[in-house]
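Scroll down for the structure; my scribbles are underneath it.
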Amino acid sequence: MPKSNISIKKIAELAGVSYPTVSRALRSEGRISEETRKRIVTIAREHGYTPNLTARGLVSKRSGALGLVVTRFSDPFHSDVAQKVEIEANRRGYSLFIASNETQDTDRELEIVRSFQGRNVEGIIVSSGREGP
C-alpha cells in the first residue's frame, strides 16, 4: 500500500462527492449507497489514506488516549500492570501513553500528569511505588 498524506477532501474530489460524504463512508455511518461507500473506501485504500487522529479529536472532542505513569519500566510489577492496561485500553479502542517516574519525585509525577493533560488524554492511571500523598 503506497504511503500518502491524502486528505478526505482530496478523496472527495477523486470520488466526485462531498468531503462529509467521505467522512461518513470511512466511518460507515450515515446514509450512503453501498456503491459510493465502496468507491470511496477503494480510493482511500489505493492512496494509503490514514485518518488524522488529531483532526478527528478536535471534531469529536475526544483523544482516544489514556495515560499511565509507572515507577520503573524494568520493575516486573509495573511492567505487568502496563501490559495489562495496554491490552484493555486497546480492546476498548484507546491508545496508551506510558511514562516512568524512576526517581519517584512528586514534582516529576505532576509534570508527567500535566503533560498527559496537555495531550488531552481521557484518563490517567498512576501506578506509583511511593507511599504517601
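The values are calculated or read from the model by the stated rules, or taken from the named source; none is laboratory data. Just so it is clear, the structure is predicted and the values come from calculations on it, not from any experiment. When we count neighbours, we look across all protein chains shown, and the Cβ atoms used for this are built from the backbone with ideal geometry, even at glycine. Just the protein is used for accessible areas: all its heavy atoms, side chains included, with ligands, DNA and RNA removed. Shrake-Rupley method; radii C 1.70, N 1.55, O 1.52, S 1.80 Å.
Here's the yes/no breakdown for (1) in contact (Cβ under 8 Å) with a residue 24 or more places away in the chain; (2) assigned to a loop (DSSP other than H, G, I, E, B); (3) more than 30 Å from Glu13 (Cβ to Cβ):
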residue: Arg45; (1), (2), (3): yes, no, no
residue: Arg56; (1), (2), (3): no, no, no
residue: Val69; (1), (2), (3): yes, no, yes
residue: Phe73; (1), (2), (3): yes, yes, yes
residue: Gln83; (1), (2), (3): no, no, yes
residue: Leu96; (1), (2), (3): yes, no, yes
residue: Glu102; (1), (2), (3): yes, yes, yes
residue: Asn120; (1), (2), (3): yes, yes, yes
residue: Ile125; (1), (2), (3): yes, no, yes
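Would region 30-38 turn up any residue that is among the basic types (Lys, Arg), out of contact with any strand residue (DSSP E or B) (no Cβ under 8 Å at 6 or more places or on another chain) and not in a helix (DSSP H, G or I)? Scanning region 30-38, I find at least one residue that is among the basic types (Lys, Arg), out of contact with any strand residue (DSSP E or B) (no Cβ under 8 Å at 6 or more places or on another chain) and not in a helix (DSSP H, G or I), so the answer is yes.
Just one residue in the set Lys9, Lys38 is closer than 20 Å to Val59 by Cα and open to solvent by 60 Å² or more (accessible area, probe 1.4 Å); that residue is Lys9.
Residues in region 12-27 that are open to solvent by 90 Å² or more (accessible area, probe 1.4 Å) and either on the phi > 0 side of the Ramachandran plot or out of contact with any helix residue (DSSP H, G or I) (no Cβ under 6 Å at 6 or more places or on another chain) (or both): Glu13, Arg27. Candidates in region 50-63 are the residues that are under 22 Å from Phe116 (Cβ atoms) and of a type in the set (Ser, Thr, Tyr); of these, the one that is most open to solvent (accessible area, probe 1.4 Å) is Thr54. Looking at region 101-123 only, could you name the residues that are surrounded by fewer than 11 Cβ atoms within 10 Å (Cβ to Cβ) and more than 26 Å from Leu53 (Cβ to Cβ)? Result: Asp107, single match. Going through (1) over 30 Å from Ser127 (Cα atoms); (2) surrounded by fewer than 17 Cβ atoms within 10 Å (Cβ to Cβ) one by one, His47 falls short only on (2). Taking every residue in region 8-28 that is within 12 Å of Arg39 (Cα to Cα) and pairing it with any residue that is open to solvent by 70 Å² or more (accessible area, probe 1.4 Å) and at pLDDT 90 or above, at least 6 positions away or on another chain, the pairs with Cβ-Cβ distances below 6 Å are Ala15/Arg39.
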